[in-house]
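Shown next, in structure tokens, is the structure this report addresses.
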Amino acid sequence: IIVLENGKVIEHGPHEVLLSRAGRYAQLWWQQNSADGNDTTTKLDA
């Protein structure tokens, strides 16, 4: 997986590794996959 932001690679790696890094990928994944659409995890600054 390659994560782009503003046309630049900001993260890359397998799903499990990206989640464990708690970066932009993890933030977006948790937001998309939260049961009610509201992210109840700690907000991350990207």
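The values are calculated or read from the model by the stated rules, or taken from the named source; none is laboratory data. This structure is a prediction, so every number in the text was calculated from the model and none was measured. Positions of Cβ are backbone-derived with ideal geometry, glycine not excepted, and every protein chain shown enters the neighbour counts.
Run down VAL17, VAL3 and say which single residue is in contact with a Lys or Arg (Cβ under 7 Å, 6 or more places away or on another chain) and either at pLDDT below 95 or surrounded by 11 or more Cβ atoms within 10 Å (Cβ to Cβ) (or both). Selected residue: VAL3, the only one of VAL17, VAL3 that is in contact with a Lys or Arg (Cβ under 7 Å, 6 or more places away or on another chain) and either at pLDDT below 95 or surrounded by 11 or more Cβ atoms within 10 Å (Cβ to Cβ) (or both). Pairs meeting the criteria (first residue in the stretch 1-29 and of a type outside the set (Val, Ile, Thr), second residue surrounded by fewer than 16 Cβ atoms within 10 Å (Cβ to Cβ) and in a helix (DSSP H, G or I), beta carbons under 6 Å, at least 6 apart or on different chains) are ALA26/LEU19.
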